[in-house]
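Submitted below is the structure of interest, expressed as structure tokens.
The values are calculated or read from the model by the stated rules, or taken from the named source; none is laboratory data. Everything numeric in this text was worked out from a predicted model, so none of it was measured. Here the Cβ positions follow ideal geometry from the backbone for every residue, glycine too, while neighbour counts run over all protein chains shown.
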Amino acid sequence: MEYLDPGTLITLVTILVSGFGIVVGTLTPAIVEGRTALKAIEGMVRQPEASGDLRTTMIIAMALLESTAIYTLLVILILIFANPLLDRFFG
């Protein structure tokens with residue numbers, strides 16, 4: 001590692017952090033979406049007359065959770081393909 005130039009080192013660290021970030025950034029919303037669907041289905045079974053409201057709320061909640069995963073993907077893609085750290089430190 002001591003023989004790497006700083007640009008290569010920053011690129012390597014960015015790729016490693018991006019890999020970890022994409023795992024955490026997509027796994028967490030997926031788990032929460034599953035729990036949201038489970039709770040909504042439980043509520044629909046308990047109160048079938050409220051199933052329309054529960055379904056609407058569940059779809060809105062899942063859309064918000066999925067947007068979090070999309071934002072994570074966007075940040076990771078920016079870090080990998082248009083790394084602002086390289087321009088800032090080695091511009």
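Could you tell me which numbered condition THR57 fails, if it satisfies all but one of (1) surrounded by 12 or more Cβ atoms within 10 Å (Cβ to Cβ); (2) within 19 Å of the chain's Cα centre (by Cα)?
Result: THR57 passes all but (2).
Sort through VAL32, VAL13 and tell me the only one that's under 21 Å from the mean Cα position of the chain (by Cα) and under 30 Å from PHE90 (Cβ atoms).
From the options VAL32, VAL13, the qualifying one is VAL13.
Also, I was wondering about something else. Quick one: how many residues across the stretch 46-91 are closer than 19 Å to THR8 by Cβ and not in a helix (DSSP H, G or I)?
Of the residues in the stretch 46-91, 3 are closer than 19 Å to THR8 by Cβ and not in a helix (DSSP H, G or I).
What are the residue pairs meeting all of these: first residue in the stretch 1-27, first residue on the phi > 0 side of the Ramachandran plot and modelled with pLDDT of 90 or more, second residue part of a helix (DSSP H, G or I) and among the aliphatic types (A, V, I, L, M), Cβ atoms under 8 Å, and 6 or more apart or on different chains?
none
Take the conditions at pLDDT below 90, surrounded by 11 or more Cβ atoms within 10 Å (Cβ to Cβ) and not polar (S, T, N, Q) and apply them to LEU77. Does it pass?
So LEU77 fails the test.
Here is a check on your reading of the model: is THR26 out of contact with any Leu (no Cβ under 6 Å at 6 or more places or on another chain), surrounded by 15 or more Cβ atoms within 10 Å (Cβ to Cβ) and polar (S, T, N, Q)?
Numbers: out of contact with any Leu (no Cβ under 6 Å at 6 or more places or on another chain): yes; surrounded by 15 or more Cβ atoms within 10 Å (Cβ to Cβ): yes; polar (S, T, N, Q): yes.
Yes; evaluated as a whole, the condition is true for this residue.
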